[in-house]
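The structure appears below as structure tokens.
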Amino acid sequence: MKYVSTRGRAPALAFDEALLDGLAPDGGLYIPEQWPQFSADDIAALEGLSYAEIATRIMSPFIGDSLPADDFAAMVDEVYGAKQNIFAHPDITPLVQIGDNEWLLELFHGPTLAFKDVALQLIGRLFDYVLERRGGRVTIIGATSGDTGSAAIEACRDRDNIDIFMLHPKGRVSEVQRRQMTTVMADNVHNIAIEGTFDDCQALLKAAFGDVAFRDEMALSAVNSINWARVMAQTVYYFVAAVALGAPRQSVAFAVPSGNFGNVFAGFVAHRMGLDIKRLVVATNSNDILARFFDSGRYETATVTPTVSPSMDIQVSSNFERLLYDLYDHDGNAVSRLLGELADQGGFAVDDARLARARALFTGYRLDDAATEETIALLHRDNGMTIDPHTAIGVAAGRACRPDQAVPMIALGCAHPAKFPDVVARATGTRPPLPPQLADLYDRPETCEVLPNDLSAVQDFIRGKGTAKTTGS
Ligand SMILES: *Cc1c(COP(=O)(O)O)cnc(C)c1O
């Protein structure tokens, strides 16, 4: 299996190379040259298998011969298998019925209580394994407004060949979010509180990567949402849920709370691989660039509005480029041209035929904050369930866009309610408690370096800690 760039001007790579590189040198995103195919018989054979077994079968064609099959299966088993102690549920991603032929796929039982753990726990180990074989190390740096940094930290902690430095704006992330990052006591984890805003953190990150000498010296890398391996690992739970509800005999539909289009794109991949998905509902908050696209065919940036579902507060959706590549029949030049228009003019449009093709599978749906809180209250009242605001957007969108009552609608539960306690308490009258594995979060000691909003201060800190690692301290 080879990986090509969505902009068509980068050499094709094997899985392990695409994993480490993340972004292609032409600015594009890596995507498999062709989709592995699972026949109805192949899918029927998944019935009764464990999450780990299904994961190995679904992902192996993407790995190809770039890693030894036994080693890959062992890694998958370590993360998702019967002896794992990473996820707080033996099914990894349990399905819970919430209505008539209506289901919630709970993706939030990982260490940081959000769906990103499902893929990142594997990605951290894959990185480490590939680096070990090559005799290399990397320095991962990231910037977070609070929601995604902890998942990356948990994925990289205690990995031998990775140092991770995570920047967050000092005093501007919630206490739960800060503590989920700063209470991780591992030699290779470094939290940095920047005296500035999230935009300052992102600018520092960009500048650090833009400093080629520094980038090479420290072997900088990222595990952000454009990494192909994350999409691959997310494809697994679409198969797991569909098979549990009767695939391949029964078709299914999914409603996916969406920001960067990574999670729902994994559903698209499952569809392309042969899973009978009747509909993918792309659920957004007021930052609705995706919902507007599926309505109108026009993809146009707007300013970001803060909402009660902050993990979906985005201006553009980075993984959307992978869908464009498909809609434009793998024409990297066409994709480059559209993204050029996006950069120069703030938007672009696709023609009616391509929009119709996209709409044959995808429906966009948008929910504002008031409706999000109403949905949290509704599930609490009718089902006795407490759900988080991102999940609520998925549930409401699924209800509004059901293709057919006979087709199970599966909403993706993207975060644990305790991760967003204020809005949940407002909607339900009860503050959701942290789950047992995090119950002592407020008692754990924290470690964090406070630095000014200054590139050389950040670089000096990273160099100091990085050097300390390589000299064996
Ligand atoms: C990241 C995230 C999303 C958005 O997922 P994308 O893959 O970026 O579309 C939704 N909800 C939660 C809780 C998240 O952490």
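The values are calculated or read from the model by the stated rules, or taken from the named source; none is laboratory data. Note that this is a predicted model, so its numbers are computed, not measured. So basically every Cβ, Gly included, is an ideal-geometry build from the backbone, and we count neighbours across all protein chains shown. Just the protein is used for accessible areas: all its heavy atoms, side chains included, with ligands, DNA and RNA removed. Shrake-Rupley method; radii C 1.70, N 1.55, O 1.52, S 1.80 Å.
How do the peptides 139-149, 51-61 rank, highest first, by the average count of neighbouring beta carbon atoms within 10 Å per residue? Before the final figure, lay out the partial values.
Details: 139-149: 22.9, 51-61: 21.2.
Final packing ranking: 139-149, 51-61.
Each peptide among 248-254, 229-235, 427-433, 369-375 gets the average number of other Cβ atoms lying within 10 Å of its residues, and from highest to lowest they stand as 229-235, 248-254, 369-375, 427-433.
How much length is gained on full extension from Asp216 to Arg133, taking 0.36 nm per residue of separation minus their Cα-Cα distance? Numbers along the way, then the final one.
Details: separation 83, 0.36 × 83 = 29.88 nm, distance 1.96 nm.
Full extension of this stretch gives 27.9 nm more.
Pull out a ≥ b ≥ c, the square roots of the eigenvalues of the alpha-carbon gyration tensor of the chain, then state rounded if a/c is under 1.5, prolate if not and a/b is larger than b/c, and oblate in the remaining case. Taking the square roots of the gyration eigenvalues as a ≥ b ≥ c, the chain is rounded.
Please compute the per residue accessible area over the chain with all protein chains in place, 1.4 Å probe, rounded to a whole number of Å². Intermediate values should be presented prior to the final figure.
Details: 18070 Å² over 473 residues.
Ligands and nucleic acids excluded, the result is 38 Å² per residue.
By a 1.4 Å probe calculation restricted to protein chains, Asp160 has an accessible surface near 110 Å², given to the nearest 10.
With the simple model of a label 7 Å out from the Cα in the direction of the Cβ, Arg298 to Ala439 spans 5.4 nm.
Between Glu33 and Asp21, the distance separating the two model label sites (each 7 Å from Cα on the Cα→Cβ line) works out to 1.4 nm.
Placing a label point 7 Å from the Cα of Ala203 along the Cα-to-Cβ line, the residues of segment 162-177 whose backbone N sits under 20 Å from it are 166-173. Length gained on full extension, Thr305 to Ala349, computed as 0.36 nm times the residue gap minus the Cα-Cα distance: 13.6 nm.
Which FRET efficiency value, to the nearest 0.05, do you get for Asp404 and Gln315 by plugging their Cβ-Cβ distance into 1/(1 + (r/R0)^6) with R0 = 41 Å? Using R0 = 41 Å, I get an efficiency of 0.75.
By how many nm would the segment from Ser174 to Ala425 grow when fully extended, if each residue of separation counts as 0.36 nm and the alpha-carbon distance is taken off? Before the final figure, lay out each step's value.
Working: separation 251, 0.36 × 251 = 90.36 nm, distance 1.52 nm.
Full extension from Ser174 to Ala425 adds 88.8 nm.
Please state the relative contact order of the chain as a whole percent: Cα pairs under 8 Å, 6+ residues apart? Intermediate results must be reported in sequence, preceding the final value.
Details: 890 pairs, mean separation 86.6, N = 473.
Relative contact order, the chain: 18 percent.
In straight-distance terms, cross-link reach from Lys465 covers every one of the lysines whose alpha-carbon lies under 30 Å from its own, apart from those fewer than eight places away in the same chain; here that gives Lys116, Lys170, Lys206. With a Förster radius of 25 Å applied to the beta-carbon distance between Leu49 and Ala14, the computed FRET efficiency rounds to 0.40. Inter-label distance, Asn333 to Glu374: 5.0 nm, where each label sits 7 Å from its Cα along the C-beta direction.
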